[in-house]
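Remarks on the structure that follows.
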Amino acid sequence: MSQSSGFVKVVAAILVAGGIGTAGWMVGKGIENMRSLDRFVTVKGLAERDVKADKAVWPITYVATDDVLQTAQAKIDADTQTLFEFLASHGITRQQTELQNLQVTDQLAQAYRSGPVESRFIVNQTIQVSSDDVDAVVAASQDIGKLLQGGIVLGGQGYSAGPSFLFTGLNDIKPEMIAAATANAREAAQQFATDSGGQLGGIRRANQGLFQIMAGDGAPNMNESSQINKTVRVVTTMEYLITD
């Protein structure tokens, strides 16, 4: 009985030792696999494209003053006709314009006015130009001095110094730019993997990033909406696995 009992104990000890060894091997392989999965590199990919604005928006605000409201309004009506003719001479049609924001101010009705007023009534009118022909709008805006020579007073409430230029074709170029940025990121990741003696694996995580539309000349603090030529930029952030 004692020999049989001793044999059983030996077998049990061998099984326990084997189980511990197997468990240890499995844990070790698990840690090894975890470490191999944790090997990755984070890179950024850049893509830029120069584009030209395809839409121009130009609010032209002008003003007339007089002590008699009807006189000020008649001046505004005459200026409106002159402006339409001016725009037409630059290829901007009536269909590309809209009358907006007629405002009348009675200065004698202002509760907090101080001192005498030169003209009782101030009439502001805005013509909003919206055109896909950005070159025509540029030419007209550069010729605005003729309106001043004709006695039209530009300014007043809502006055804008010039047109704004928009690029509306972003969705059309997004796929190609994302592909270019991704390729740029992969190239950087491949270089890192090569330098580290590893192989580039698959994508672990990806972040497309935001598209930016910037002034084309790259001047700091430049308002891109005032520039016809623009630069579209996207930066993607990618994580690639690195294998042995």
* Structure fact -> The rounded separation in angstrom of the Cα centers of region 161-238 and region 82-129 is 42 Å
* Say R0 is 45 Å: what FRET efficiency, to the nearest 0.05, do residue 191 and residue 132 get from their beta-carbon distance? -> 0.55
* Of 52/174; 52/146; 44/174, pairs whose Cα-Cα distance is over 24 Å -> 52/146
* Asked: For region 171-184, in order, what is each residue's ³J(HN,Hα) by Karplus, 6.51 cos²θ - 1.76 cosθ + 1.60 with θ = phi - 60°, in whole Hz (x at glycine and Pro)?
  -> 4, 6, 9, 4, x, 5, 6, 5, 4, 5, 5, 5, 5, 5
* To do: Hand me the GluC sites (Glu not before Pro) from region 63-119 located in a DSSP loop with no more than 10 other Cβ atoms within 10 Å, in residue order please.
  => 118
* To do: Report the local net charge at residue 229: Lys and Arg +1, Asp and Glu -1, summed over other residues whose C-beta lies under 10 Å from its C-beta.
  => -1
* To do: Quick one: net charge around residue 193, please, counting Lys, Arg +1 and Asp, Glu -1 for every other residue with C-beta under 12 Å from its C-beta.
  => -1
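No value in this document is a laboratory result; all are computed from the given coordinates. Quantities reported herein were computed from a predicted structural model and do not represent experimental measurements. Every residue, glycine as well, gets a Cβ built from its backbone with ideal geometry; the counts of neighbours run over all protein chains shown.
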